Amino acid sequence: MRKILAIAGSNHATSIHYQLVEFTASLIEGAEVTVLDMRGWKIPVYSIDFDPDQTPNEITELIMLMEEYDGFIIASPEHNGSISAFFKNILDWLSRRKKQVFEEKPVLLMSTSPSEKGGTNGLDYLLHALPYQGAEITSTFSLSSFQKNFKEGQIISPYLEDLQSHIGEFMKLILSRI
Ligand SMILES: Cc1cc2nc3c(=O)[nH]c(=O)nc-3n(C[C@H](O)[C@H](O)[C@H](O)COP(=O)(O)O)c2cc1C
């Protein structure tokens, strides 16, 4: 059975991106999905001065964990037109320990936001940046106006059909890999 790791780049206790990845994980068939919970992580802001002796354990363990998985679902908040500092910091730490940490594995990128734009600026940033770390991005999905379109743990609008088609593309690539 293929294994997928679902990651939300937020440290917000009631994160809407965790809600989105948990719902997305529930839609996946034919693979085992683990939702990684990073909300309690207290990772120091990366500095070359901490490198290489003070790598946080969470980062070392995440690298080993990622090696066990065949693909990734990543949802990140948009903060001030970019991604969250929390997630950017994790990506920077990962890059210093393992340059191609995604190992050319498939990645489905997602975002949402309370606003109509659905966090697409953060998504554009990751679309450009994650391939530097070895991600093979299959597609991007954005959910506008989270509070309007997501109720009681699920997407309640025509966005559901859109998400299912993105999952289809992502799973096709995962299942085609030996
Ligand atoms: C510092 C900060 C900056 C933000 N900047 C944006 C933004 O540029 N665009 C946007 O749509 N939402 C922005 N938001 C609102 C987030 O979309 C909202 O907080 C969302 O819940 C974040 O996702 P999360 O709950 O998964 O952490 C910002 C929020 C914070 C705290």
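Listed values, structure above:
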read-out: Matching option when the condition is within 16 Å of the ligand (Cβ to nearest atom), open to solvent by less than 20 Å² (accessible area, probe 1.4 Å) and either without any contact (Cβ under 8 Å) to a residue 24 or more places away in the chain or out of contact with any Leu (no Cβ under 6 Å at 6 or more places or on another chain) (or both), among Pro77, Pro56; value: Pro77
read-out: Test: Leu91 is within 12 Å of the ligand (Cβ to nearest atom), at pLDDT 95 or above and either among the charged types (D, E, K, R) or in contact with a helix residue (DSSP H, G or I) (Cβ under 8 Å, 6 or more places away or on another chain) (or both); value: no
read-out: All positions within the stretch 1-46 that are away from the ligand (no atom under 13 Å from the Cβ) and in a loop (DSSP other than H, G, I, E, B); value: Met1, Ile28, Glu29, Gly30, Gly40, Trp41, Lys42, Ile43, Pro44, Val45, Tyr46
read-out: Which numbered condition Gly40 misses (of (1) open to solvent by 30 Å² or more (accessible area, probe 1.4 Å); (2) touching a Pro at 6+ places or on another chain (Cβ under 9 Å)); value: (2)
read-out: Count of residues meeting criterion [buried (at least 17 other Cβ atoms within 10 Å of the Cβ) and at pLDDT below 95] in the stretch 148-158; value: 0
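Matching residues to (1) farther than 30 Å from Lys172 by Cβ; (2) of a type outside the set (Gly, Ala, Ser); (3) modelled with pLDDT of 95 or more:
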| residue | (1), (2), (3) |
| --- | --- |
| Arg2 | no, yes, yes |
| Ile16 | no, yes, yes |
| Val33 | no, yes, yes |
| Asp37 | no, yes, yes |
| Phe50 | yes, yes, no |
| Leu62 | no, yes, yes |
| Met66 | no, yes, yes |
| Ala75 | no, no, yes |
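Table: residues versus (1) free of Cβ contacts under 8 Å to residues at least 12 places away in the same chain; (2) buried (at least 21 other Cβ atoms within 10 Å of the Cβ).
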{"site": "Ser95", "(1), (2)": "no, no"}
{"site": "Lys99", "(1), (2)": "no, no"}
{"site": "Glu103", "(1), (2)": "no, no"}
{"site": "Val107", "(1), (2)": "no, yes"}
{"site": "Ser111", "(1), (2)": "no, yes"}
{"site": "Ser115", "(1), (2)": "no, no"}
{"site": "Gly122", "(1), (2)": "no, yes"}
{"site": "Pro131", "(1), (2)": "yes, no"}
{"site": "Phe146", "(1), (2)": "no, no"}
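The values are calculated or read from the model by the stated rules, or taken from the named source; none is laboratory data. Values in this document were obtained by computation on a predicted structure and should not be read as measured data. Here Cβ is always computed from backbone atoms with ideal geometry, including for glycine, and neighbour counts include all displayed protein chains. When the accessible area is computed, the model is the full protein with side chains, heavy atoms only, and any ligands, DNA or RNA have been set aside. Shrake-Rupley method; radii C 1.70, N 1.55, O 1.52, S 1.80 Å.
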